[in-house]
1. Using a 1.4 Å probe over the heavy atoms of the protein chains, calculate the carbon and sulfur portion of the accessible area of region 1-74 as a whole percent.
2. With each label point set 7 Å from Cα along the Cα-Cβ vector, what nm distance links Val151 and Arg75?
3. Rg and Dmax of the chain, using alpha carbons, in Å: what are they?
4. Using only the Cα atoms, what convex hull volume per residue in Å³ does region 138-257 have?
5. Give me the accessible area per residue for region 23-72, probe 1.4 Å, as a whole number in Å².
6. Please list, or write none, the lysines whose alpha carbon is within less than 22 Å of the alpha carbon of Lys19, excluding same-chain residues fewer than 8 places away.
7. Give, in nm to one decimal, the length gained when the segment between Glu238 and Asp31 is fully stretched (0.36 nm per residue of separation minus the Cα-Cα distance).
8. Given a Förster distance of 35 angstrom, what is the FRET efficiency for Arg121 paired with Glu202, based on the Cβ-Cβ distance and rounded to 0.05?
Amino acid sequence: HGLDFEDVSCRSSDGLTLKGWFIPAVGGASDKTILCCHGWGTNKGAALDSVHGLPRLGFNLLLFDFRSCGESEGRMLSVGYLEAKDFDGAAAFLRAYRPNDRYGVFGISMGALVAFSGTVRHDFFSAAVLEAPYRSHDEAVARYLWVKNGVPYFPLVPMVLFWIRRGLGADPQTIAPERLASQFKIPVLAIAGELDGIAAPEVASGLLDLVSTPKELWIVPGAGHSRCAATAGPAYAERLAAFLNAQLSKSPQKTLV
């Protein structure tokens, strides 16, 4: 994408090394930085494909690979639960690396689920952009299995969810957006592809119904799952920049004491 970048690394809250890129705004210093979260089984490059237009519109980006993806350490994916530990590490790194900035978050698919819960734990974010978000971990698993493999909910999905919980030794639903919605405090732009069968527009709309903060829903005509940026073209970055500028301009700089 022709952008300058710096290789960076941080550690997840459980000690894994995560690799990332810091991409500065084009054309001059900026105090607006967006933490970007990619989808399940992809990497930071896939997230950059969606948000590469933002640096030319005045935003810094911090992108990182979740565990077991891209260049990061790890041996297990979990559709959001373990990845929340990665978000915590990246958020802590961002706070130390750019202590005087205004912060937003971008997440796509699983990354949107992780970003939603992450902003509840880290109160220095002032705005969230969530493409193809889910209301819960269980919903993400069930819809993926149905769309990709034709697996009906009963009786197989409850069995799959049982073994996921057993393998993790924990319940991923504890960080589900539907459970944390009352604690979500920042404006949100939710984006859905009109033709997305995995995280359909009604899923994004249902999530917005649960939050009481300022909210917008953008349904991109003709777009499939995680393809809103590719389908919308330059209008995607422009819509994100307009929303983020409006929200971050209202936020005081989060200076560390």
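The values are calculated or read from the model by the stated rules, or taken from the named source; none is laboratory data. Predicted, not measured: the structure shown is a model, and the values here were computed from it. For neighbour counting, all protein chains shown are included, and Cβ atoms are generated from backbone atoms with ideal geometry for every residue, glycine included. Only protein heavy atoms, including side chains, enter the accessible area calculation; ligands, DNA and RNA are left aside. Shrake-Rupley method; radii C 1.70, N 1.55, O 1.52, S 1.80 Å.
1. Numbers: 1450 of 2960 Å².
In region 1-74, the share of accessible area belonging to carbon and sulfur is 49 percent.
2. 2.2
3. 17.1, 56
4. On the way: hull volume 18.2 nm³, N = 120.
So the per-residue hull volume is 152 Å³.
5. Details: 1550 Å² over 50 residues.
Result: 31 Å² per residue.
6. Lys32, Lys44, Lys85
7. On the way: separation 207, 0.36 × 207 = 74.52 nm, distance 1.83 nm.
Working it through step by step, the gained length comes to 72.7 nm.
8. On the way: r = 27 Å, r/R0 = 0.78.
Computed FRET efficiency for Arg121 and Glu202: 0.80.
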